[in-house]
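Worksheet: the structure to be examined is printed underneath.
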Amino acid sequence: MMPSPFALPDGIGCEPLLVELRRLAWGAADILRAYARGEVPPYGFPPALSVDHGGEGPVSAADLAVNRWLLDGLAAAFPAAGWTLLSEETAAEVLVPGQPLDAEWLWILDPLDGTKDFLQGTGEYAVHLALVHGQRPVLGVVLLPEPEELWFGLLGAGGAGTGAGQAWRENRAGACFAPALSGRSEELVLVASRNHRDDRLEQLLADLRPARSLAIGSVGGKVATILRGEADLYISLSGRSAPKDWDMAAPEAVLRAAGGGFDHADGRPLLYNTGDVRQAGCLIASHGPAHAAICRRAAEAMATIDPGFAV
């Protein structure tokens, strides 16, 4: 599949970049699947040691291995690229609260999204890679290792909101499949988390009244259900904690490129590399047809449920 032209740093070609992203993504899948099964991981990464023996648990070992695989792979493939690399695993080392990174082009990586699902063995974990230009994503990659789904989303210069985008799914054999977002405008299907729900969210859902709901781990996994047409709506409502840039950037890019919507309930776009990695508020991801109406209803409901909450 030949993607539409889109902005990249000087000297970076679209096709060579996609080739490398495929290699890195499927390599990450192999690493994570090995750790998940207690097998020796490929590419020379160490096996996870039992916590009882004082070593790393499988999650930290898997996180660190995939983090190193992605960072080293991008650096080696594009040594002169005019971009900066940021991952969840390196954030504490390189970020200063309140100060954005000095980067026009920024990779935001999550080597393992859905840690609880990884530990619980549900298979509903993901890997996220997003290329952000300014404060908006222009490219997103969401890898689901267990079902072997690799989602790409390309957006025009300026990121999401331009109306120009292309998204597709690949399997390991390289076969490509178009998104299949549903056309439902009523009787919407909600995709939600098993682990992050509170009373305010339950009240909001009672107001929005989805026809039914699915429980799926990882933001990437949730957005994939919308891309496949299995669900129509995902809501992130922050409380004592909030998702971070690396949770949202890649899934947002893919969903927007496919024609869906992903915004704050008041219509504001999600912004990245602002100096605060938290993606706080009431965030609405949807299949598109009813997006504006859903956002409006959610904002109105939250004004009653939690007055003063910044949606």
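The values are calculated or read from the model by the stated rules, or taken from the named source; none is laboratory data. For clarity, every value in this text was computed on a predicted model and none was experimentally measured. Please note: Cβ atoms are built from the backbone with ideal geometry, for glycine as well, and neighbour counts cover all protein chains shown. What goes into the accessible areas is simple: the full protein's heavy atoms, side chains included, and nothing from ligands, DNA or RNA. Shrake-Rupley method; radii C 1.70, N 1.55, O 1.52, S 1.80 Å.
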* Structure fact -> the chain, Gaussian network, Cα under 10 Å: of 99, 166, 279, the residue fluctuating most is 99
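When the accessible area of the chain is computed with all protein chains present and a 1.4 Å probe, what percentage of it is carbon and sulfur?
52
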* Within the chain: Cβ-based charge dipole about Cα centre, in debye rounded to nearest 20 (Lys, Arg +1; Asp, Glu -1) -> 600
* Using bins 20 angstrom wide from zero, how does P(r) for the chain break down, in % of all Cα pairs? -> 35, 59, 7
* Sum up the charges of everything whose Cβ sits under 10 Å from the Cβ of residue 260, counting Lys and Arg as +1 and Asp and Glu as -1, but leave residue 260 out. => -1
* Longest exposed-loop-site-free stretch of the chain, with GluC sites (Glu not before Pro), DSSP loop and at most 15 other Cβ within 10 Å? -> 231-311
* residue 213's amide H: which non-local residues (gap 5+, or another chain) put their own amide H closer than 5 Å, with H modeled 1.01 Å from N in plane and none for Pro or chain starts? -> 190
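Return one quarter of the surface area of the convex hull spanned by the alpha-carbon atoms of region 65-222, equal to its mean projected area, in nm².
On the way: hull surface 48.3 nm².
Answer in nm², one decimal: 12.1.
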* In a Gaussian network model over the chain where Cα atoms closer than 10 Å are linked, find which of 79, 42, 100 has the largest mean-square fluctuation. => 79
* Asked: How many Å² of accessible area per residue for the chain, probe 1.4 Å?
  -> 42
